[in-house]
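The next block holds one structure in the form of structure tokens; read it before the comments.
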Amino acid sequence: QSHTAALTGLDALYDAALAQYGVIRVSDYDELLEVSNLLANSPAPPAKGLAVVSHSGGISSLTADMCGQVGLDLPELSDAAKGGINGVLKGFGWASNPSDVTGFANSDSFPEIMQFMANDPAMGTLVVASSGGDAQAEQVIAQRDRDDKKTLAFLWTGSRKEPAGLNMLKKARIPVFYTPNKLATGVRSLLDYHSWLGHRGKAGFPAAPAIRPGQQAAADRLAARGGVALSEHESKGLLSEWGVPITREKLVQNADDAVTAANEIAYPVVLKADVANMPHKTEAGLVMLGIQDDDAVRAAYDQVISNAANAGAVGDGINGVSVQEMVLDGVEVIVGLSYDSQLGATILFGSGGVMVEVYNDVALRLCPIDEKDALEMISDVKGARLLEGFRGRPAADVNALADTLVRVSHLGAQLEGTLAELDINPLMVLAAGQGVKAADAVAVFQP
């Protein structure tokens, strides 16, 4: 089984597909009602910032923590907002975000406090966390009506059995939540939905271009060997037809030709036995790294041929030995394709290398994707921080990586029904401006 097949869990795949098509997934019935109410009764927030105001430091801090866990931003208040709120509080509470305004949440001054927070240009959503009665509810409703370009949500902190104010908020269609975590996921869903709508409303859904004759011929030739995990050389040949850069390499049949190829490519080089039906070559001793001279090439050639025979690859099972450049610098990532019987072609991106299944740090999308999808996939992966430059290493070529993801997604969409799996692991992402190179790959066509 390929790394991609092992990492593409069914639930994770459906999560990715729903998000890609703007569908919000909720965890229970209460969340369904609360999030639906927020979406139905809120404008698109004009900014990503969230402002939280409450009568309680504890509940405002807990709400801020829950918001942080889902990636919501609570920016620092502007000087104008701080000055205005502190002028109202006069030392009883503090102007911050989240803001604990103590008893002023149930005073005639509360509308002024809400307005200062809502007027802050960094804030697109105002959250009031309280359990005030009808008087406070009237103030909150009036604030929503005054500034209907921004989202306002209410976190009810009191008992539902004492609904003074609560029924008034509901009747006025103020979105009400009852726990900080549900409020946080609700606002996260609102922002994500409008971000999705803004992109898809303008760009529409991506479509793969028509397959070119050369691509179709290469696919037809390899599809004749359906059910077989193709050798690396064959798999990279397929990638090349779709414009995916591969390492400089040459397939040879004897040690002398291996030496010639190594000198043409330039040391250090890598030698690999090129065999089918053996996707994990490292464990079988079929990969020799960092070879520095002619004598070492001859020894490595004999060793990988011997190891291939010991692993059961004999005669026609060994296509030869691939002499490849050794990519010394770069970030290792994995790019892969798999197919679901209901959802179709799926592209995977994640942290690469031999430990890829241990880390399980991946992002999934349905094929095809566009550049924005590709960049979102990259940002979804924790290990992608290495692409930004780490401990003195230069930033990697994220644009070339995104372009490669789009190309592979086209391959996946165009060969749906023919291709079964594809792994590129590792794909080496070089320094900015230097592109990417597929250092290893394996493809399997449908039997």
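So for the range 361-379 (the condition being among the polar types (S, T, N, Q) and either in contact with a helix residue (DSSP H, G or I) (Cβ under 8 Å, 6 or more places away or on another chain) or in a strand (DSSP E or B) (or both)), does at least one residue qualify?
no
Got a number for residues in the range 147-171 being outside any loop (DSSP other than H, G, I, E, B) and not aliphatic (A, V, I, L, M)?
Adding up the residues that qualify gives 6.
Looking only at the range 152-202, filter to residues that are buried (at least 17 other Cβ atoms within 10 Å of the Cβ) and among the hydroxyl-bearing types (Ser, Thr, Tyr); which one of those is farthest from Pro45 (Cα to Cα)?
The extreme case among them is Thr157.
State the number of residues belonging to the range 187-241 that are in contact with a strand residue (DSSP E or B) (Cβ under 8 Å, 6 or more places away or on another chain), under 21 Å from Val321 (Cα atoms) and not in a loop (DSSP other than H, G, I, E, B).
Qualifying residue count, the range 187-241: 10.
If I filter the range 317-332 for residues that are touching a Cys at 6+ places or on another chain (Cβ under 8 Å) and outside the structural domain of Glu283 (by TED's automatic domain parsing), do I get at least one hit?
No, the range 317-332 contains no residue that is touching a Cys at 6+ places or on another chain (Cβ under 8 Å) and outside the structural domain of Glu283 (by TED's automatic domain parsing).
Out of Ala266, Ala300, which single residue is in contact with a strand residue (DSSP E or B) (Cβ under 8 Å, 6 or more places away or on another chain), surrounded by fewer than 17 Cβ atoms within 10 Å (Cβ to Cβ), of a type in the set (A, V, I, L, M) and not assigned by TED's automatic domain parsing to the domain that holds Leu427?
Ala266
Ile59 fails exactly one of the following numbered conditions: (1) outside any helix (DSSP H, G or I); (2) among the β-branched types (Val, Ile, Thr); (3) modelled with pLDDT under 95. What is the number of that condition?
Here Ile59 meets the rest and fails (1).
Only one residue in Phe390, Phe445 is surrounded by fewer than 23 Cβ atoms within 10 Å (Cβ to Cβ) and without any contact (Cβ under 8 Å) to a residue 24 or more places away in the chain. Which one?
Phe390
Inside the range 391-446, can you point out the residues that are more than 23 Å from Val270 (Cα to Cα), of a type in the set (Gly, Ala, Ser), in a loop (DSSP other than H, G, I, E, B) and within 21 Å of the chain's Cα centre (by Cα)?
Ala395, Ala432
Can you pull out the residues in the range 116-130 that are out of contact with any Phe, Trp or Tyr (no Cβ under 6 Å at 6 or more places or on another chain) and either among the hydroxyl-bearing types (Ser, Thr, Tyr) or crowded, with 17+ Cβ neighbours inside 10 Å (or both)?
Phe116, Met117, Ala118, Asp120, Ala122, Met123, Gly124, Thr125, Leu126, Val127, Ala129, Ser130, listed by residue number.
Could you tell me which residue of the range 412-425 is nearest to Ala210 (Cα to Cα), considering only residues that are surrounded by fewer than 23 Cβ atoms within 10 Å (Cβ to Cβ) and of a type outside the set (A, V, I, L, M)?
Here the answer is Gln414.
The values are calculated or read from the model by the stated rules, or taken from the named source; none is laboratory data. Please read these numbers as outputs of a predicted model, since none were measured by experiment. Note: ideal-geometry Cβ built from the backbone for every residue, glycine included; neighbour counts use all protein chains shown.
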